[in-house]
Amino acid sequence: MPRKIAAGNWKMNGVGAALSEIDALIAAHPTPVSRIVICPPATLIHRMAARAQGSALAIGGQTCHTASKGAHTGDISATMLAEAGATHVILGHSERRADHGETDAQINAQAQAALAAGLTVILCIGETEAERDADVTLAVVETQLAHSVPEGVTAANLVIAYEPVWAIGTGRVPTTDQIAEVHAAIRTHLVTRFGEQGHEISVLYGGSVKPDNAAQIFAVPDVNGALVGGASLKAADFGGIITALDAA
């Protein structure tokens, strides 16, 4: 069975004082059933990894460059993330695709760099509201999978996160039938392409996941966890999601 994963994406939020939330999260969930990952801003990775040492909490980055080093002002490499204490990295998030023009080909190259550095990739896919309204969601998702996910991945180093763009941070959540349809299509693609490994790759749902709707979402077939934005910033909120996932 795919591993249950609760991943928190802090985005551009959090300074040193926010590390107290990590202490509270670790204290409340010392031995979770699920894997817990927090992806803070790059400025907090090293301090957060030190804080989480010896606990069940893993730390990740929010992006990485395709190169391991070089003249790329403001960027961060997968090697740097790993040295800072990260074990995971989010790639292909819709905000990176929209704000920085990242393409499927670039995300594929980033994923290859991350894998070479020993990181587990949390690779995001999802449709916009216009694409949902045009009834091309499955085609969009399958195209992103086909071109963003590199060859040779395994269940140990790849996680897929389905995030309908129109549901991120808006409070809008697809129906459970809509989530089930997309997750089933993702699973079919993974199994067709990667064989037995495709059955084991964790597929997360992301898009306004909160403690009060988490259990309903986690009951949907092929939903193996969540990639959580705003609700991951507070230990109490994210803890409720972790509790629901542990019980699913």
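Quote the FRET efficiency, to the nearest 0.05, computed for Thr176 versus Ala236 with a Förster distance R0 of 30 Å and r equal to the Cβ-Cβ distance.
Values: r = 25 Å, r/R0 = 0.84.
Result of the calculation: an efficiency of 0.75.
Starting with the highest mean, order 204-212, 163-171, 13-21 by the number of other Cβ atoms within 10 Å, averaged over the residues of each peptide. Before the final figure, lay out the partial values.
On the way: 204-212: 22.1, 163-171: 18.8, 13-21: 14.0.
The most tightly packed comes first, giving 204-212, 163-171, 13-21.
Grab every C-alpha pair in region 60-151, bin the distances at 10 angstrom width from 0 up to the longest one, and report whole percents.
18, 47, 25, 9, 1
Rank the residues Lys4, Lys69, Lys234 as a footprinting-exposure proxy: fewest other Cβ atoms within 10 Å of their Cβ go first. Working shown, then result.
On the way: Lys4 21, Lys69 10, Lys234 14.
With the fewest neighbours first, Lys4, Lys69, Lys234 line up as Lys69, Lys234, Lys4.
Counting Lys and Arg as +1 and Asp and Glu as -1, each charge on the Cβ, what is the dipole of the chain about the Cα centre in debye, to the nearest 20? Walk me through the intermediate numbers first.
Numbers: 15 positive and 24 negative charges, 154 e Å.
The dipole magnitude comes to about 740 debye.
Taking every alpha carbon pair in region 1-93, what does the distance histogram look like in 5 angstrom bins from 0, in percent?
3, 13, 25, 24, 18, 10, 5, 2, 0
Mind listing the Cα extents of the chain along all three principal axes, in Å, largest one first?
Result, largest extent first: 44, 44, 34 Å.
Most exposed first by the Cβ proxy, i.e. fewest other Cβ within 10 Å, how do Phe194, Phe238 rank?
On the way: Phe194 19, Phe238 28.
Ascending Cβ contact count within 10 Å gives the list Phe194, Phe238.
Work out how much length Asp212 to Thr43 would gain on full extension: take 0.36 nm times their residue separation and subtract the Cα-Cα distance, in nm to one decimal. Intermediate values should be presented prior to the final figure.
Values: separation 169, 0.36 × 169 = 60.84 nm, distance 3.09 nm.
Length gained between Asp212 and Thr43: 57.7 nm.
For the pair Gln53 and Thr143, what calculated FRET efficiency results from E = 1/(1 + (r/R0)^6), where r is the Cβ-Cβ distance and R0 = 41 Å, to the nearest 0.05?
Values: r = 40 Å, r/R0 = 0.97.
Calculated transfer efficiency: 0.55.
For region 195-242, what log10 I(q)/I(0) values come out of the Debye formula at q = 0.22, 0.23 1/Å, with one point per alpha carbon and no solvent?
For region 195-242, the Cα-only Debye profile gives -0.73, -0.77.
Any read-out appearing in this document is the output of simple, stated calculations on the displayed coordinates, not a laboratory observation. What you are looking at is a predicted structure, and each value in this text was computed from that prediction instead of being measured. Glycine gets a Cβ as well: all are built from the backbone with ideal geometry, and neighbour counts include every protein chain shown.
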